[in-house]
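Participant: Sharing a structure below in structure tokens format, with a few things to ask.
The values are calculated or read from the model by the stated rules, or taken from the named source; none is laboratory data. Since this is a predicted model, take the numbers as computed values, not measurements. No Cβ is skipped: glycine too gets one built from the backbone with ideal geometry, and neighbour counts run over all protein chains shown. Keep in mind that these areas ignore ligands, DNA and RNA; they rest on the heavy atoms of the full protein, side chains included. Shrake-Rupley method; radii C 1.70, N 1.55, O 1.52, S 1.80 Å.
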Number of protein chains: 2
Amino acid sequence: MNGAESLVKTLVDTGVKVCFANPGTSEMHFVAALDDNPDMRCVLGLFEGVVTGAADGYARMTGMPAATLLHLGPGLGNALANLHNARRARTPMVNIVGEHATYHRQFDAPLTSDIESIARPVSAWVHTSLFAHEVARDGAEAVRVARSSPGQIATLILPADTAWDPAPAGPAAALPPTAPAPITDAAIEASATALGSGEPAMLLLNGAALTEQNLAQAGRIAAATGCRLFSDTFVGRVQRGAGVVPVERLPYFGEQVTETLTGMRHMILVGTRPPVSFFAYPGKPSQLVPEGCQVHGLAGPESDIAAALSELADRLGTPRQVAGAPAGRPQPHRGGTLVPEAIAAAIGAWLPEQAIIMDEAATSGFAIPTATAGCPPHDWLGLTGGAIGQGLPAAVGAAVACPDRKVLALEADGSGMYTLQALWTMAREQLDITVVVFSNRKYAILQVEFMRVGAHNPGPKAMSMLDLSDPDLDWVALARGMGVEASRADTVDAFNDQLQSALAGRGPRLIEAVI
Amino acid sequence: MNGAESLVKTLVDTGVKVCFANPGTSEMHFVAALDDNPDMRCVLGLFEGVVTGAADGYARMTGMPAATLLHLGPGLGNALANLHNARRARTPMVNIVGEHATYHRQFDAPLTSDIESIARPVSAWVHTSLFAHEVARDGAEAVRVARSSPGQIATLILPADTAWDPAPAGPAAALPPTAPAPITDAAIEASATALGSGEPAMLLLNGAALTEQNLAQAGRIAAATGCRLFSDTFVGRVQRGAGVVPVERLPYFGEQVTETLTGMRHMILVGTRPPVSFFAYPGKPSQLVPEGCQVHGLAGPESDIAAALSELADRLGTPRQVAGAPAGRPQPHRGGTLVPEAIAAAIGAWLPEQAIIMDEAATSGFAIPTATAGCPPHDWLGLTGGAIGQGLPAAVGAAVACPDRKVLALEADGSGMYTLQALWTMAREQLDITVVVFSNRKYAILQVEFMRVGAHNPGPKAMSMLDLSDPDLDWVALARGMGVEASRADTVDAFNDQLQSALAGRGPRLIEAVI
């Protein structure tokens, strides 16, 4: 057994069952070792941003890390944006980054770079293996770190000789991950007191707080105290739909958050931190906790959030069960030119039960959360780190994780272009994903932000930097070019037909919604 | 005048005339400032790898840095692979990376990351501006570093408030870049002695040594001493063709290099370092200087290479003029199925004078250097850092730099997929680029390397990681999806017709060569 074989076996033995890969020469022994392990599924991405975004989507749906296989510093660089998103989602992930043989690094061959420096900003743990006999142990440690609460990114750099040299001791045993941190009675007491004060109060939820089970506990708390339930603007995953306790989502722009939270006196944090503005704007605050509002940390992201919510609910003497969101679907629009509201209504009208929505629709998707609030239970995955190009890859990962569920990827055209290579992986793996591309042919958010930051009236050169027309992208051609069936809709009726057909079928399908 | 305006004016005043951009909210003031400067051309890329690859291609052809505009850490991450290539090409470049406002960083908003850590591995200079009144000076310093010999990457991180705050002092004056290092008489003497020994000798050339003018000096040296002229395997830019002194290119695989250099007794380095194997392989050497061969450092990459070569040539008492490569074109093939040799012959037969070839053809392009050796003078740009996805973006930059010259991008399909978004920029800017995609539907080099690294016989799972079929990519559809006229050829005659037509016309054109 060589180092690579000992590593792959260790990964499989410790619960890592999928490897999203874009390998190169220095990873060939790892690829050969994958071949020997029927329990490891391999999924090829034609660009590394696809690979890490897919691993993120997979882990959000399974709770278990996938492995990624990346090619030296440049491969890691290409992977970085979606690792940034995964870090913000607190996703467990194990990156295997191939490296030159230990003795070869000193010669500074063309592909040599400082991989550790590139990895550190997105990784909770970075380690370079130095000997083949250490690789299995290092791999077990990587999985341990990745699985430690609440979920972390571990990056193991694998020099080629540590992959091909003998590792006679074989695989390493699993190491116990750090469990969620226990909740103190003082924290529960403080939150209970605040919620019992009769003053306006809210829970701000993220991470594990957004599972159906934990939302049920939050719902008991709200029923007992009248507090409101909010989530952060961008969440890794929230369970929602008919029968699930609903949460309000904090708006995107800081001034909207401030307005929404006006008068709030107590903010209880569960799996998150106090809200801050996504960007800074001249003369506007960065911190969004309203004046006079006390912040109470019930449970940090790494804490035992399930225990925190259920113990707090019990302390408040609330009923065991509260009602979730009422069932109900909007009427689809009929006739006329396609607009975002009509797309939202159609999705609300026909979203399948247990669908997984990956939302990277940006400005075009504003109406969809409301339109789907009463749909059958489903999962909603968000763009957590602001690095666009997450949606199509994460949809790939979610579909690999949940082959029996329909994935609906809502994709802004500008964002979709970053990692459109994901379409090819959808086709190769015949993943059950419906992609709706919102083709407004501009970076619409930037046209808003240009004004909001106080830049002067833009001239044609500035506006051309925010515009995706000239030429228009043809998403039907792009999808077909990668083997995905596709169609275009610029009327409501056409979109309705195409969406119903896509949702009724199986396999990858793209609809370019021209709006 | 605000900080962003002072920076853009400084860039323009110090000779930076093009900005390749993919901006976000934190860069809106910089975008507004671009609008005010008619002397700054802005080119939008729909992915940051396009932006930095284009800046690389532009600088290789002009010798002057372009600016790039990137959006925080994830934007820089997306840009990193082509920055790695640019660093290896010793390309001058000024990256402007937008960042949160200085006071906003502490709140760790979703897009926050350690930008400096990401930038350092690819940058000779990394600096974060802290005040608006320092931005112009920092910009002048960035340009100074970028233009310092032999060409470097400078990364200036621009917090949003340093862009929007007032900078009443306005732009900064240009700072003198570090000039090429002078050549010592001792180095010239040592090289002259080695070359005069009568023993087998060679010059190994890279960087500025590969201009037509400097090759003429190298040719004088070869004529006087019988030494051979080699370039590194991968070079940023080499001038070649009829009348230009030709250089042999070191082969890619280490054992081929060793074989080629067997018996060599003196290796004179001019603008480069001793050759090393691109990757390590079990049991094979990393260093490729043959046993018994003495290495003489005539001129490092940062040195005054022109002076080194001309002084050495003068010292050897050689004639002022030597003949360059003889003119001559291959006969195009006729009839039959398309194979790489037929593509090479067609390119050799019809390459226009003063064409710029961007070579990222990988295994499919092996016959093209020989087939074009006697073509009219042209430039050849190579993949310098091994990070695939450079070719299409660098072709964009070369075409922006040289609007009157035809650019021919030779692109492997696997590599092309990394940054296919470059096609859209070709269409928007109506760049005169002919792209030939070598569609062999696999990572062919990896199928070779899999064996060379000594991995066992690959099974279907391993092979599927090296294969781009299932489904086949349709490059004609992909190109049309981004507004580029395209066609497919799988016969020699079809390819010949399509290539002739593309080279005769103007504007972007893609040929998918199915081989």
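Participant: If I ask for residues that are in contact (Cβ under 8 Å) with a residue 60 or more places away in the chain and open to solvent by 10 Å² or more (accessible area, probe 1.4 Å), which ones from the stretch B:27-61 would you list?
Facilitator: Once the filter is applied, which keeps residues that are in contact (Cβ under 8 Å) with a residue 60 or more places away in the chain and open to solvent by 10 Å² or more (accessible area, probe 1.4 Å), the stretch B:27-61 yields B:HIS29, B:ARG41, B:TYR58, B:ARG60, B:MET61.
Participant: Which one of these is under 28 Å from B:ASN22 (Cα atoms), touching a residue at least 24 places away in the same chain (Cβ under 8 Å), of a type outside the set (Lys, Arg) and more than 11 Å from chain A (Cβ to nearest Cβ): B:ALA394, B:ALA387?
Facilitator: Working: B:ALA387 fails: more than 11 Å from chain A (Cβ to nearest Cβ).
Among B:ALA394, B:ALA387, only B:ALA394 is under 28 Å from B:ASN22 (Cα atoms), touching a residue at least 24 places away in the same chain (Cβ under 8 Å), of a type outside the set (Lys, Arg) and more than 11 Å from chain A (Cβ to nearest Cβ).
Participant: Then there is this: Is at least one residue of the stretch A:336-348 outside any helix (DSSP H, G or I), open to solvent by 40 Å² or more (accessible area, probe 1.4 Å) and without any contact (Cβ under 8 Å) to a residue 40 or more places away in the chain? Before you say what the answer is, go through the steps one by one.
Facilitator: We begin by selecting, within the stretch A:336-348, every residue outside any helix (DSSP H, G or I); these are A:336-339.
If we keep only those that are open to solvent by 40 Å² or more (accessible area, probe 1.4 Å) too, we end up with A:336-337, A:339.
When the remaining residues are screened for being without any contact (Cβ under 8 Å) to a residue 40 or more places away in the chain, the result is none.
No, the stretch A:336-348 contains no residue that is outside any helix (DSSP H, G or I), open to solvent by 40 Å² or more (accessible area, probe 1.4 Å) and without any contact (Cβ under 8 Å) to a residue 40 or more places away in the chain.
Participant: Against the conditions (1) assigned to a helix (DSSP H, G or I); (2) away from every other protein chain (no Cβ under 13 Å); (3) more than 20 Å from B:LYS9 (Cβ to Cβ), where does B:ALA55 fall short? Just the number, please.
Facilitator: Result: B:ALA55 passes all but (3).
Participant: Which ones in the stretch A:499-515 are assigned to a loop (DSSP other than H, G, I, E, B) and either on the phi > 0 side of the Ramachandran plot or of a type in the set (Asp, Glu) (or both)? It would help to see each step written out before you state the result.
Facilitator: Within the stretch A:499-515, the subset assigned to a loop (DSSP other than H, G, I, E, B) is A:505-508, A:515.
Once the filter is applied, which keeps residues that are assigned to a loop (DSSP other than H, G, I, E, B) and either on the phi > 0 side of the Ramachandran plot or of a type in the set (Asp, Glu) (or both), the stretch A:499-515 yields only A:GLY507.
Participant: Is there a residue being in contact with a Leu (Cβ under 6 Å, 6 or more places away or on another chain), under 25 Å from B:SER148 (Cβ atoms) and crowded, with 22+ Cβ neighbours inside 10 Å anywhere in the stretch B:276-297?
Facilitator: Looking through the stretch B:276-297, none of the residues is in contact with a Leu (Cβ under 6 Å, 6 or more places away or on another chain), under 25 Å from B:SER148 (Cβ atoms) and crowded, with 22+ Cβ neighbours inside 10 Å.
Participant: Related question: Can you name the condition, by its number, that B:THR491 falls short on among (1) away from every other protein chain (no Cβ under 11 Å); (2) under 29 Å from A:ASP474 (Cβ atoms); (3) surrounded by 17 or more Cβ atoms within 10 Å (Cβ to Cβ)?
Facilitator: The number of the failed condition is (3).
Participant: Give all pairs with beta carbons closer than 7 Å in which a residue from the stretch B:117-135 that is away from chain A (no Cβ under 14 Å) meets a residue that is surrounded by fewer than 18 Cβ atoms within 10 Å (Cβ to Cβ) and of a type in the set (Val, Ile, Thr); count only pairs at least 6 apart in sequence or on separate chains.
Facilitator: Listed by first residue and then by second, the contacts come to B:LEU130/B:THR102.
Participant: Moving on. Scanning the stretch A:220-241 for residues that are touching a helix residue (DSSP H, G or I) at 6+ places or on another chain (Cβ under 6 Å) and among the basic types (Lys, Arg), which turns out surrounded by the most Cβ atoms within 10 Å (Cβ to Cβ)?
Facilitator: Step by step, filter the stretch A:220-241, then rank; the result is A:ARG237.
Participant: Before we move on, is B:MET465 within 11 Å of another protein chain (Cβ to nearest Cβ), over 27 Å from A:VAL476 (Cβ atoms) and open to solvent by less than 10 Å² (accessible area, probe 1.4 Å)? Don't jump to the end; show me each part of the working.
Facilitator: Values: within 11 Å of another protein chain (Cβ to nearest Cβ): yes; over 27 Å from A:VAL476 (Cβ atoms): yes; open to solvent by less than 10 Å² (accessible area, probe 1.4 Å): yes.
The answer is yes for B:MET465.
Participant: I'm checking my understanding of the structure. Among residues of the stretch A:156-166 that are closer than 30 Å to B:PHE234 by Cα and assigned to a strand (DSSP E or B), which one is farthest from the other protein chains (Cβ to nearest Cβ)?
Facilitator: A:LEU156
Participant: Within the stretch A:174-210, how many residues are crowded, with 19+ Cβ neighbours inside 10 Å and among the β-branched types (Val, Ile, Thr)? Before the answer, list the steps.
Facilitator: Filtering the stretch A:174-210 down to residues crowded, with 19+ Cβ neighbours inside 10 Å leaves A:180, A:183, A:187-188, A:191-192, A:194-195, A:201-210.
Narrowing further to those that are among the β-branched types (Val, Ile, Thr): A:183, A:188.
Number satisfying all stated conditions: 2.
Participant: Right, something else. Mind telling me which of the residues B:ALA427, B:ALA479, B:ALA399 ends up being at the interface with chain A (Cβ under 9 Å from one of its Cβ atoms) and either surrounded by 24 or more Cβ atoms within 10 Å (Cβ to Cβ) or free of Cβ contacts under 8 Å to residues at least 24 places away in the same chain (or both)?
Facilitator: Working: B:ALA427 fails: either surrounded by 24 or more Cβ atoms within 10 Å (Cβ to Cβ) or free of Cβ contacts under 8 Å to residues at least 24 places away in the same chain (or both); B:ALA399 fails: at the interface with chain A (Cβ under 9 Å from one of its Cβ atoms).
Unique residue meeting the criteria: B:ALA479.
Participant: Any idea which residue in the stretch A:136-153 is nearest to the other protein chains (Cβ to nearest Cβ), counting only those that are outside any helix (DSSP H, G or I), more than 22 Å from A:GLU48 (Cα to Cα) and open to solvent by 10 Å² or more (accessible area, probe 1.4 Å)?
Facilitator: The first filter runs over the stretch A:136-153 and keeps only residues outside any helix (DSSP H, G or I), leaving A:148-153.
Retained after the next criterion (residues that are more than 22 Å from A:GLU48 (Cα to Cα)): A:148-150.
Among the residues that remain, those that are also open to solvent by 10 Å² or more (accessible area, probe 1.4 Å) are: A:149-150.
Working: A:SER149: 19, A:PRO150: 16 Å.
Residue satisfying both the conditions and the ranking: A:PRO150.
Participant: Looking at this structure, is B:MET64 surrounded by fewer than 24 Cβ atoms within 10 Å (Cβ to Cβ) and more than 13 Å from chain A (Cβ to nearest Cβ)? Outline the logic, then answer.
Facilitator: Numbers: surrounded by fewer than 24 Cβ atoms within 10 Å (Cβ to Cβ): yes; more than 13 Å from chain A (Cβ to nearest Cβ): yes.
Yes.
Participant: From the list A:ILE388, A:ILE356, pick out the single residue that is in contact with a Ser or Thr (Cβ under 6 Å, 6 or more places away or on another chain) and β-branched (Val, Ile, Thr).
Facilitator: Working: A:ILE356 fails: in contact with a Ser or Thr (Cβ under 6 Å, 6 or more places away or on another chain).
Checking each option against the conditions leaves just A:ILE388.
Participant: Could I ask something else about it? Which of the residues that make up the stretch A:79-112 are open to solvent by 10 Å² or more (accessible area, probe 1.4 Å), over 30 Å from A:GLY271 (Cβ atoms), at the interface with another protein chain (Cβ under 8 Å from one of its Cβ atoms) and in contact (Cβ under 8 Å) with a residue 24 or more places away in the chain?
Facilitator: Matches in the stretch A:79-112: A:TYR103 only.
Participant: Anything in the stretch A:17-44 that is at the interface with chain B (Cβ under 7 Å from one of its Cβ atoms) and either assigned to a helix (DSSP H, G or I) or touching a Pro at 6+ places or on another chain (Cβ under 6 Å) (or both)? List them, or say none.
Facilitator: Passing the criteria: A:THR25, A:SER26, A:MET28, A:HIS29, A:VAL31, A:ALA32, A:LEU34, A:ASP35.
Participant: Still on this structure, please answer the following. Taking the residues in the stretch B:419-470 that are among the acidic types (Asp, Glu) and assigned to a loop (DSSP other than H, G, I, E, B) as candidates, determine which candidate is farthest from B:ALA344 (Cα to Cα).
Facilitator: The initial filter retains those residues of the stretch B:419-470 that are among the acidic types (Asp, Glu), namely B:429, B:432, B:449, B:467, B:470.
Within this subset, residues satisfying the condition of being assigned to a loop (DSSP other than H, G, I, E, B) are B:432, B:470.
On the way: B:ASP432: 20, B:ASP470: 28 Å.
Within the stretch B:419-470, the match that is farthest from B:ALA344 (Cα to Cα) is B:ASP470.
Participant: Here's another thing I want to ask about it. Restrict the check to the stretch B:317-328 and report whether at least one residue is part of a helix (DSSP H, G or I), surrounded by fewer than 19 Cβ atoms within 10 Å (Cβ to Cβ) and either in contact with a Gly (Cβ under 8 Å, 6 or more places away or on another chain) or not polar (S, T, N, Q) (or both). Show your work before the answer.
Facilitator: Kept after step one, since they are part of a helix (DSSP H, G or I), are these residues of the stretch B:317-328: none.
No - not one qualifying residue is present in the stretch B:317-328.
Participant: Suppose we filter the stretch B:406-418 for residues that are touching a Ser or Thr at 6+ places or on another chain (Cβ under 8 Å) and in a helix (DSSP H, G or I); how many remain?
Facilitator: Matching residues across the stretch B:406-418 total 1.
Participant: Within the stretch A:361-396, how many residues turn out to be in a helix (DSSP H, G or I) and within 15 Å of A:ALA81 (Cβ to Cβ)?
Facilitator: Of all residues in the stretch A:361-396, those in a helix (DSSP H, G or I) come to A:362-365, A:368-371, A:391-396.
Then drop every residue that is not within 15 Å of A:ALA81 (Cβ to Cβ), which leaves A:391-394.
Here the count works out to 4.
Participant: Additional query: Can you tell me how many residues within the stretch A:337-373 are among the acidic types (Asp, Glu), more than 19 Å from the chain's Cα centre (by Cα) and under 17 Å from A:ARG240 (Cβ atoms)?
Facilitator: Qualifying residue count for the region: 1.
Participant: Next question, about the same structure. Residues being in contact with a Pro (Cβ under 8 Å, 6 or more places away or on another chain), open to solvent by less than 10 Å² (accessible area, probe 1.4 Å) and not hydrophobic (A, V, I, L, M, F, W, C): count how many of those fall in the stretch B:67-78.
Facilitator: Within the stretch B:67-78, residues that are in contact with a Pro (Cβ under 8 Å, 6 or more places away or on another chain), open to solvent by less than 10 Å² (accessible area, probe 1.4 Å) and not hydrophobic (A, V, I, L, M, F, W, C) number 1.
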